[in-house]
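First up is the structure itself, then whatever we jot down about it.
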Amino acid sequence: MSEFDLVIKDGMIVDGTRLPRYRADVGIKDGVIAKIGRLEKGQAEEVIEAEGLIVAPGFVDLHTHYDAQIYWDPYCSISGWHGVTSAVIGNCGFGFAPVRPEDRERSMLTMTRVEAIPYASMKAAMPWDWTSFPEFLDSIDRTPKGINLLPYVPVAPIMVWVMGLEDAKSGRLPTDAETKEMCRLIHEGMDAGGCGWSAQRLGPNSVQMDYDGTPMVTDIMHDETCIAFGKVLAERNEGFIQSIFLSPDGKNETAQDHFEELARVSGRPILFNVIQASDRFPERHRNQLDWLEKCRTEGLRIYGQGVTTDPGFVFTFEDWNLWDDDPDWCEATLGSVDEKRQKLADPERRSGLRKDTSGLISDSFEEIFVMSVESSDLKEFENLKIKEVAARQGKHPVDAMLDLAVADNLKTEFYTTIGCSLPYLSEIVQSDLTLLGVSDGGAHTKFFTAGRYPTETIESLVRENEVMSLEEAHWKLSALPSWCAGFKNRGTVREGAPADLVVYDFDNLKVLPMEIARDLPGDEWRRVQRAEGYHYVLVNGKVTIRDDTPTGETPGRLLRHGEG
């Protein structure tokens, strides 16, 4: 019998610890890195020739919504295509457990707008062989996985389970008995393997609404409830929190004070979402970075999750919902396609829609770009900015955009971006208090493809623009998120660690152009971007990607308590 199942020969190891790269062989046995050094080919049953290639820890993605997609896509693409070997699910407080059988339909509908997960896909593929959160984890455990998954305990379903949907939506403060029961359910979820809890708290005018245009229950959750949940982690002395919070008074200081109190009460790491650069509002991310530095001086473990991809969105008004923080836009984009078309065509509504929605989600209306139209009569407007269309027609930019969309039966594809120049992005990625990513994998799949962020980091921020070293990038892509989220022994290349590895061509690694894939259950589609340059991706010692193509292997594990 061979000493190793697999040896990776002559690769350049970037081990994720920020130590200098070095050339060595990696011997793998029973899914674990057994030896690093100079090994002989004859010691292994299989040999991967890695001369000229980088060998590094697989990437760890802390912000995804693959809770549904894992049931039809074991690789959790596009993340799995871009070297992600471990991901956290249950972000933003959203999930599918605990859910009573009679509430399953409503649970799926909830995710169709807030995270834009297609209802038809969920309906066709989710087995619903659970009621409680521990039963949900058992279901994930027995589902084939091409990557490892670590689960949050999402608090929205817990609030609905205990308070009832109507009361949870009312915004009332839970009773002491209800708070106690919700805390018990968080304990139960963490006993079963949850890594902490998550909550989106964006207020009554949330940018990500429920399917009916109302806030998510977590959006109107009270600070007192949030602090009570934080005390659960203090009692356990384990877990971490992922959250975004906009204070009711609109002041950054109030939101920051809340996070600081939560960090003190829980004693645990908190991931603040999101740190995002904007050419129009550079003071925003700079103030956030200053605040994170202040937290460090006070010994508070608060980290910012940075948006580090080119923040662009491709959308049509058939599906677009990311201006929900504006009540007029939210109401106008609710309903069927025919209903939305009628509302967007209504001249009485236009005055309410001619407002600057730019900021976190998009650039100004004038800078929105017309990518494609379906109607042959409208082809002249392709490849123009809305300001150019408006100038030709003598219209307000919003009227020009919506008249075009309505005439094209809402099929017009637009492109919008926040506008993020490299110097501002560099300020975020170079802070050692920020993590890279916010892929939102599994969500908003008709709008953007941020799951490409690991590949884009190496291609753009390391190789092309030299914003950071390769050693620093791999620390931020693997080891730092592993530590923050409580992954046990993952995120670095070292003896005794699980063999989650990427083997890639540094000079030729790249993100491929966006395309439409009609590969979802229920005859649904999504936008994807594939990668080129990953010779191998290994999960728990098994090759899951070979030459950028999935192998069909499903060695991924549910990492209860960060282990598995």
Quick one: which strands (runs of 3 or more DSSP E) sit completely within region 6-61 and have at least 1 residues that are acidic (Asp, Glu) and either in contact with a helix residue (DSSP H, G or I) (Cβ under 7 Å, 6 or more places away or on another chain) or crowded, with 24+ Cβ neighbours inside 10 Å (or both)?
-> 22-29, 59-61
Mind listing whichever residues of region 244-280 are surrounded by fewer than 23 Cβ atoms within 10 Å (Cβ to Cβ) and hydroxyl-bearing (Ser, Thr, Tyr)?
-> Ser247, Thr254, Ser278
Select from region 89-102 the residues that are out of contact with any helix residue (DSSP H, G or I) (no Cβ under 6 Å at 6 or more places or on another chain) and within 28 Å of Phe240 (Cβ to Cβ) and list them in ascending order.
-> Ile89, Gly90, Asn91, Cys92
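This table checks each residue for (1) aliphatic (A, V, I, L, M); (2) over 30 Å from Ala479 (Cβ atoms).
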residue: Glu380; (1), (2): no, yes
residue: Val398; (1), (2): yes, yes
residue: Leu404; (1), (2): yes, yes
residue: Asn409; (1), (2): no, yes
residue: Thr412; (1), (2): no, yes
residue: Thr417; (1), (2): no, yes
residue: Leu422; (1), (2): yes, no
residue: Gln430; (1), (2): no, no
Test Thr357 against the criterion of being within 25 Å of Gln208 (Cα to Cα), hydroxyl-bearing (Ser, Thr, Tyr) and modelled with pLDDT of 95 or more, and give yes or no.
-> no
Mind checking which residues of region 115-140 are among the hydrophobic types (A, V, I, L, M, F, W, C) and more than 18 Å from Trp197 (Cα to Cα)?
-> Ala116, Ile117, Ala120, Met122, Ala124, Ala125, Met126, Trp128, Trp130
So the helices (runs of 4 or more DSSP H) completely within region 340-443 holding 3 or more residues that are assigned by TED's automatic domain parsing to the domain that holds Met111 and buried (at least 17 other Cβ atoms within 10 Å of the Cβ) are 422-429
So is Ser2 farther than 26 Å from Asn508 by Cα, more than 22 Å from the chain's Cα centre (by Cα) and in contact (Cβ under 8 Å) with a residue 40 or more places away in the chain or not?
-> yes
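Among Val60, Val99, Val26, Val84, which is in contact with an Asp or Glu (Cβ under 8 Å, 6 or more places away or on another chain) and not small (Gly, Ala, Ser)? Give the derivation first.
Working: Val60 fails: in contact with an Asp or Glu (Cβ under 8 Å, 6 or more places away or on another chain); Val99 fails: in contact with an Asp or Glu (Cβ under 8 Å, 6 or more places away or on another chain); Val26 fails: in contact with an Asp or Glu (Cβ under 8 Å, 6 or more places away or on another chain).
Sole residue among the options that is in contact with an Asp or Glu (Cβ under 8 Å, 6 or more places away or on another chain) and not small (Gly, Ala, Ser): Val84.
Go through Thr143, Thr179, Thr131 for me and flag whichever is out of contact with any strand residue (DSSP E or B) (no Cβ under 6 Å at 6 or more places or on another chain), without any contact (Cβ under 8 Å) to a residue 40 or more places away in the chain and over 25 Å from Pro327 (Cα atoms). So that I can check it myself, show each step before the final result.
Details: Thr143 fails: without any contact (Cβ under 8 Å) to a residue 40 or more places away in the chain; Thr179 fails: without any contact (Cβ under 8 Å) to a residue 40 or more places away in the chain.
Of Thr143, Thr179, Thr131, the one residue that is out of contact with any strand residue (DSSP E or B) (no Cβ under 6 Å at 6 or more places or on another chain), without any contact (Cβ under 8 Å) to a residue 40 or more places away in the chain and over 25 Å from Pro327 (Cα atoms) is Thr131.
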Please state which one of Trp329, Trp320 is more than 17 Å from Leu433 (Cβ to Cβ), part of a loop (DSSP other than H, G, I, E, B), touching a Phe, Trp or Tyr at 6+ places or on another chain (Cβ under 8 Å) and not assigned by TED's automatic domain parsing to the domain that holds Ser426.
-> Trp320
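Conditions (1) out of contact with any Asp or Glu (no Cβ under 6 Å at 6 or more places or on another chain); (2) surrounded by fewer than 19 Cβ atoms within 10 Å (Cβ to Cβ); (3) assigned to a strand (DSSP E or B), marked per residue:
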site: Thr455; (1), (2), (3): yes, no, no
site: Ile458; (1), (2), (3): yes, no, no
site: Arg463; (1), (2), (3): yes, yes, no
site: Gly522; (1), (2), (3): yes, yes, no
site: Leu538; (1), (2), (3): yes, no, yes
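Please work out which residue is surrounded by the most Cβ atoms within 10 Å (Cβ to Cβ), limiting yourself to region 108-140 and to residues that are under 17 Å from Tyr152 (Cα atoms) and of a type outside the set (A, V, I, L, M, F, W, C).
For region 108-140, the residue satisfying everything is Glu115.
Residue-wise test of (1) more than 22 Å from Asp440 (Cα to Cα); (2) assigned by TED's automatic domain parsing to the domain that holds Gly213; (3) in a helix (DSSP H, G or I).
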{"residue": "Arg104", "(1), (2), (3)": "yes, yes, yes"}
{"residue": "Ser107", "(1), (2), (3)": "no, yes, yes"}
{"residue": "Lys123", "(1), (2), (3)": "no, yes, yes"}
{"residue": "Pro127", "(1), (2), (3)": "yes, yes, no"}
{"residue": "Thr131", "(1), (2), (3)": "yes, yes, no"}
{"residue": "Leu150", "(1), (2), (3)": "no, no, no"}
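What is the residue count in region 544-564 for residues that are assigned to a strand (DSSP E or B) and surrounded by 20 or more Cβ atoms within 10 Å (Cβ to Cβ)?
Initial filter on region 544-564 (assigned to a strand (DSSP E or B)): 544-546, 549-550, 555, 558.
If we keep only those that are surrounded by 20 or more Cβ atoms within 10 Å (Cβ to Cβ) too, we end up with 544-545, 555, 558.
Qualifying residue count for the region: 4.
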Just name the residue that is surrounded by the fewest Cβ atoms within 10 Å (Cβ to Cβ) out of those in region 284-333 that are within 17 Å of Ile241 (Cβ to Cβ) and of a type in the set (Gly, Ala, Ser).
-> Gly299
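The values are calculated or read from the model by the stated rules, or taken from the named source; none is laboratory data. Values in this document were obtained by computation on a predicted structure and should not be read as measured data. Quick reminder, even Gly has a Cβ in these numbers, built from the backbone with ideal geometry, and neighbours come from all protein chains shown.
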